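Notes follow once the structure below has been shown.
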Amino acid sequence: MSSRHRTALAVMDEDPDQAAGIAHEILREDPNDKAALFILGVVNSRAERFGTSIALYERITRLDPRRHEAWNNLGMALMECGDYPGGRNAFKRAIEIKETAGYIANIAATYLQEGNPVEALKWAKRSLNKGEDDKIWTTYGFANLGIGNWKEGWQGYEKCLGGRFRKIVQVGEEPRWDGGDVENLFIYGEQGLGDEIMYASCLEDAQKHAKHIVLECDKRLAGLFQRSFPEIEVHGTRRDEQNWAKGRSFDAGSAIGSLAYLFRPDRALCPRKPYLVADPERRLQWRALFDSWGARVVGLAWTGGRVTTHKRERTIGLEAFRPLIQKYTSERPTVFVSLQYKEPFAEIEEAGLPVRHIARGVQSPDYEDTAAFVMELDEVIGIHTTIHHLAGAMGKKSTVLVPSKPMWNYATGNDLPWYPDNKFFRQKPNEAWVDCIKRLANG
């Protein structure tokens with residue numbers, strides 16, 4: 001490796017553009033320079049230009065079929081594009097050359113993303129036989145949860161705390177909470193908005209063991225959590241400065257996801273009761289609006305998630321709801337409202353369906369607005385998004401459309417055990433969403 005290669009690698013983290021520039025200079029002299037191609041592949045992957053990185057890694061594997069790192073990185077890029085079988089094949093090629101715990105763990109992750117926790121767990125165990133890694137503990141945990149083995153599932157998930165995907169947050173030097181009795185306890189939010197809502201069902205359990213709890217959460221949830229847990233001190237500073245923390249000390253700290261490890265070793269231990277309370281005044285405002293329409297009001301969610309959280313499987317499209325909309329409106333006057341997080345006006349116009357989007361209801365920076373909005377709906381129907389967690393936590397009935405390749409918490413059962421009144425309606429293998437929703441409408 002030349003000095004230019006080493007320079008590009010040295011600056012890659014702080015200045016990826018400089019690293020890419022050096023790599024391009026090398027490739028002008030030698031288009032087959034595998035190290036330069038690899039540097040460009042990494043830079044493009046980190047910038048989420050996965051199509052470009054796939055092409056670069058594929059070229060490297062053609063030039064040098066024994067370069068296992070290129071096969072592995074190719075698999076990662078394919079996974080990011082939702083091509084899990086292609087990613088798996090690339091990881092298997094890497095393993096044929098050099099079998100590592102990380103490469104095996106990546107195969108496990110492809111099965112987990114495809115909604116196959118049984119195969120994911122098999123490969124996760126094989127990976128653990130080669131060595132431990134927080135990435136494989138995440139897959140091991142979710143795979144166990146996906147088959148209903150909550151005790152081992154939460155244990156696995158807890159083992160990845162402090163790694164790349166679950167950071168530990170501390171106010172001072174407080175130790176990790178073991179669930180015992182303490183005076184002052186700090187709990188911090190993690191993962192997505194829906195996760196914070198779901199794990200908040202364990203806060204009442206935590207209150208039995210701590211005299212005072214400070215909860216740091218997403219700022220959008222601060223008002224709703226403070227209303228729902230008045231004895232807890234809530235700060236919506238999860239991604240902001242902890243100005244409230246100056247001079248404070250705690251006996252212990254816990255990630256909110258760790259509460260499940262402490263208090264939910266079995267799904268039967270979920271109390272299945274509402275624990276979030278919507279603002280009554282805002283509910284009255286929405287109620288007045290809905291009553292003025294003189295019709296039942298049904299909320300629809302047709303897209304959810306990111307690439308890493310099954311966006312492809314969770315993208316239904318509004319057009320697929322046409323059979324349900326036609327059936328409902330033929331029965332009685334019905335107004336359909338959007339539960340989309342982003343403005344869907346173009347899609348609504350293209351579909352030509354009578355769906356209203358009220359930004360204040362679902363795009364508000366204060367989830368108190370959304371909670372009150374959802375509570376006053378007559379029905380909540382759609383792909384699994386934060387809305388279903390919100391509805392469930394308030395005791396609002398909802399119908400969750402579950403893809404044929406589900407995430408771990410939708411892999412088994414007919415509902416989410418955290419909540420008292422939600423039900424799954426599953427897409428059949430190879431079934432188009434429009435046919436799935438037609439079954440729902442005619443059921």
Quick one: T370 ticks every box in (1) in a helix (DSSP H, G or I); (2) surrounded by fewer than 22 Cβ atoms within 10 Å (Cβ to Cβ); (3) without any contact (Cβ under 8 Å) to a residue 24 or more places away in the chain except a single one, so which number is it? (2)
Grab the helices (runs of 4 or more DSSP H) fully contained in region 46-137, keeping just those with 3 or more residues being within 22 Å of K159 (Cβ to Cβ), in the same structural domain as N32 (by TED's automatic domain parsing) and not β-branched (V, I, T). 101-113, 117-128
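Of the residues that make up region 263-277, is at least one in a loop (DSSP other than H, G, I, E, B), of a type in the set (D, E, K, R), within 30 Å of F336 (Cα to Cα) and in contact (Cβ under 8 Å) with a residue 40 or more places away in the chain? Full working, then the answer.
Here is the first cut: in region 263-277, the residues in a loop (DSSP other than H, G, I, E, B) are 264-266, 270-277.
Then drop every residue that is not of a type in the set (D, E, K, R), which leaves 264, 266, 272-273.
Narrowing further to those that are within 30 Å of F336 (Cα to Cα): 272-273.
With in contact (Cβ under 8 Å) with a residue 40 or more places away in the chain added as a condition, the list becomes 272-273.
Checked against the condition, which is being in a loop (DSSP other than H, G, I, E, B), of a type in the set (D, E, K, R), within 30 Å of F336 (Cα to Cα) and in contact (Cβ under 8 Å) with a residue 40 or more places away in the chain, region 263-277 yields at least one hit.
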Kindly provide the set of residues from region 339-362 that are under 20 Å from G294 (Cβ atoms) and surrounded by 19 or more Cβ atoms within 10 Å (Cβ to Cβ), ordered by number. V355, G361
Hits in region 353-367 - residues which are of a type in the set (A, V, I, L, M, F, W, C) and in contact (Cβ under 8 Å) with a residue 40 or more places away in the chain: V355
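Right, L276: crowded, with 16+ Cβ neighbours inside 10 Å, within 19 Å of V182 (Cβ to Cβ), of a type in the set (A, V, I, L, M) and at pLDDT 95 or above or not? Please lay out each step first, then the result.
Working: crowded, with 16+ Cβ neighbours inside 10 Å: yes; within 19 Å of V182 (Cβ to Cβ): no; of a type in the set (A, V, I, L, M): yes; at pLDDT 95 or above: yes.
Answer is no for this residue.
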Sort out which residues of region 188-212 are out of contact with any helix residue (DSSP H, G or I) (no Cβ under 9 Å at 6 or more places or on another chain), of a type in the set (G, A, S) and in a loop (DSSP other than H, G, I, E, B), and write them in order of number. none
Which condition number does G236 fail, the rest of (1) free of Cβ contacts under 8 Å to residues at least 60 places away in the same chain; (2) more than 23 Å from the chain's Cα centre (by Cα); (3) over 16 Å from W418 (Cβ atoms) being met? (2)
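With the condition kept exactly as written, say whether any residue in region 299-308 is exposed (fewer than 13 other Cβ atoms within 10 Å of the Cβ) and at pLDDT 95 or above. Can you show your working first?
Of all residues in region 299-308, those exposed (fewer than 13 other Cβ atoms within 10 Å of the Cβ) come to 306, 308.
Then drop every residue that is not at pLDDT 95 or above, which leaves none.
Taking every residue of region 299-308 in turn, none turns out to be exposed (fewer than 13 other Cβ atoms within 10 Å of the Cβ) and at pLDDT 95 or above.
Taking the stated definitions as given, is D218 farther than 22 Å from P265 by Cβ, touching a helix residue (DSSP H, G or I) at 6+ places or on another chain (Cβ under 7 Å) and charged (D, E, K, R)? Even if it seems obvious, please write down each step before you answer.
On the way: farther than 22 Å from P265 by Cβ: yes; touching a helix residue (DSSP H, G or I) at 6+ places or on another chain (Cβ under 7 Å): yes; charged (D, E, K, R): yes.
When the stated conditions are applied, D218 passes them.
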Conditions (1) modelled with pLDDT under 95; (2) of a type in the set (G, A, S); (3) surrounded by 15 or more Cβ atoms within 10 Å (Cβ to Cβ): number failed by G148: (3)
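With the structure loaded, tell me whether I168 is under 23 Å from the mean Cα position of the chain (by Cα), outside the structural domain of Y341 (by TED's automatic domain parsing) and in a loop (DSSP other than H, G, I, E, B) or whether it fails that test. It would help to see each step written out before you state the result.
Details: under 23 Å from the mean Cα position of the chain (by Cα): yes; outside the structural domain of Y341 (by TED's automatic domain parsing): yes; in a loop (DSSP other than H, G, I, E, B): yes.
Yes, satisfied.
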Inspect region 22-31 for any residue being out of contact with any helix residue (DSSP H, G or I) (no Cβ under 7 Å at 6 or more places or on another chain) and outside any helix (DSSP H, G or I) and give the result as yes or no. yes
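The values are calculated or read from the model by the stated rules, or taken from the named source; none is laboratory data. Because the structure is a prediction, the values reported are computed rather than measured. Neighbour counts are summed over all protein chains in view; Cβ atoms, including those assigned to glycine, are modelled from backbone coordinates with ideal geometry.
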